[in-house]
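Read-outs throughout are calculated quantities, based only on the coordinates presented, and are distinct from any laboratory measurement. Quantities reported herein were computed from a predicted structural model and do not represent experimental measurements. Neighbour counts run over all protein chains shown; Cβ positions are idealised from the backbone, glycine included.
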Amino acid sequence: MPGFEVIGQEEQLEINKVFENGGILFRHGFDDLRSGCFKVREFESNFSKFLKTRNSLAVTSGTAALRVALAALGIGLGDEVITQSFTFVATVEAIVESGATPKCANINETLNIDPNKIEELITKKTKAIIIVHMLGVPCQIDLVKEICKKYNLFLIEDTAWGCGGSLDNKFLGTWGDIGTFSFDFAKTITTGEGGMITIQNKEIFNKAVAWHDHGHENNPNLARWEDSRSGTGFNYRMMEIQGALGIAQLRKLPQIVKMQRNNSHKIWNYISDLGCVQKRPEPEKSYSTSDALVLITERKEHASKIRKSLLSNGISTKILPEAITWHFAGLWEHIPSLQNAHKYKIRDYLKFSEEILSRSVSLPISVRQSEHFPEKVRKAIVDIM
Ligand SMILES: *Cc1c(COP(=O)(O)O)cnc(C)c1O
């Protein structure tokens, strides 16, 4: 889970620097008053360096990151975008906000998009695929990339849970045309609210920069109020306090991921012999962020029983099963364009996804896991066997 567990003096010191240098909270301008202190800029630059990528743009949330990504790719009314059935509702909301039509593909046993279930959703209007490294486990990216190449589609990676994770030693969020990240309070690193976009192509990046800032092209020869513009945009600018927080949190990211992975392994080592639960499979060469440990049972009833037993042992679950209505597209009756985009009733179409999700129980992984936690998880499962 989370950066919030390790917020401390380092974050405070970075914020202090903003106040020691004039207290300028805006990411642009005021050059005479801030002694070269540009925290959002510094965060973006450090983020690019960390991910070994080029262009990073900080924004106000992970949802905003998706919205700006779609705008930068010129996706809107009349276009279609495919994503996966198991994701947070924000992925689909961003598509709807852009004016495009969302479609959701089934997941497979990895609980991420099933590469074999994408092509049946592609039409002449399809412009992009948004894969989601759900709960920090990498998607089968190579297979999705092949499809994107074949149909000339953009690939966006919703890396909200996958920050610091990698596949084959390449960071998640740097495989596609665009990677989007969330730093909300529940994510691997946090700025309270916030997000980041990494973009491979410089021209697309420039569009994103302008669009997230009312169309401002940040022409170096012009004052901000005289700035050039080629189109409208919106305001998704990150502020300096968030940038300061991000700088301190990013330094802690490798250690957070390492500890989460260790803690997840510790739990699994304690229960793997029980046989009644399987661990969610990951693609080869995955380095997941281990945001959660998802256990897959044989039947829905087993999952409910385990959840109940965990709760009575003082252990809560995360997303599966208790928050499924926010994370499974088959239940989103409040999004008409999603309902109408599919030939069949969406819940029927996503039957496979619903079936496997209903058999899953997800344990949140914390950085500060108590020594007895794995033992408690084992006891909760053994209790109902
Ligand atoms: C958290 C999350 C988002 C949205 O991020 P916010 O910063 O909360 O707006 C988008 N997609 C997924 C998969 C998420 O989990």
Which one, F183, F19, F171, has the greatest fluctuation when you compute a Gaussian network model over the chain with C-alpha springs under 10 angstrom?
F19
With a cut-off of 8 Å between alpha carbons and a minimum separation of six or more residues, what is the relative contact order of the range 1-120 in percent?
15 percent
Set Lys and Arg Cβ to +1 and Asp and Glu Cβ to -1, take the dipole of the range 210-343 about its Cα centre, and tell me which of L222, Q242, H265 lies farthest positive.
H265
Classify the range 15-122 as rounded, prolate or oblate from the Cα gyration tensor: take a ≥ b ≥ c as the square roots of its eigenvalues, call it rounded if a/c is under 1.5, otherwise prolate when a/b beats b/c and oblate if not.
prolate
Please report the antiparallel percentage of DSSP beta bridges with both residues in the chain, rounded to the nearest 5.
60 percent
Rounded, prolate or oblate for the range 1-70? Axes are the square roots of the Cα gyration tensor eigenvalues, ordered a ≥ b ≥ c, and the cut-off for rounded is a/c under 1.5.
oblate
Under a point-charge model restricted to the Cβ atoms of Lys and Arg (+1) and Asp and Glu (-1), what is the dipole moment magnitude of the range 186-273 relative to its Cα centre, in debye to the nearest 20?
440 debye
Nearest-20 debye value, the range 77-140 charge dipole, Cβ charges on Lys, Arg, Asp, Glu:
140 debye
Distance between the C-alpha centers of the range 227-254 and the range 114-147? Whole Å please.
28 Å
Where a ≥ b ≥ c are the square roots of the eigenvalues of the C-alpha gyration tensor, would you call the chain rounded, which needs a/c under 1.5, or, failing that, prolate if a/b is larger than b/c, or oblate?
oblate
Quick one: of the DSSP bridges fully inside the range 1-132, what percent are antiparallel, nearest 5?
10 percent
Just from its helices, what would the mean residue ellipticity at 222 nm be for the chain, if runs of 4 or more DSSP H residues each count -39500 (n - 2.57) and the sum is divided by every residue, rounded to the nearest 500 deg cm²/dmol?
-11500 deg cm²/dmol
Based on the Cβ-Cβ distance from Q9 to N169, what FRET efficiency comes out when R0 is 41 Å, to the nearest 0.05?
0.80
Evaluate the relative contact order of the range 40-198 (contact order divided by residue number), counting alpha-carbon pairs under 8 angstrom at least 6 apart; express in whole percent.
25 percent
Could you identify which residue out of L77, L274, L222 has the top mean-square fluctuation in a GNM of the chain using Cα springs shorter than 10 Å?
L222
By how many nm would the segment from E119 to N235 grow when fully extended, if each residue of separation counts as 0.36 nm and the alpha-carbon distance is taken off?
38.3 nm
Set of the range 27-43 residues, backbone N closer than 12 Å to the point 7 Å along the Cα-Cβ line of W225:
none
Within the set D168, D213, D177, GNM on the chain using Cα springs under 10 Å gives the largest fluctuation to D168
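Can you give the FRET efficiency to the nearest 0.05 for E217 and F50, using r as the Cβ-Cβ distance and R₀ = 35 Å?
With R0 = 35 Å, the Cβ-Cβ based efficiency is 0.80.
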Principal-axis tilt of helix 202-211 within the chain, Cα atoms, nearest 10 degrees:
80 degrees
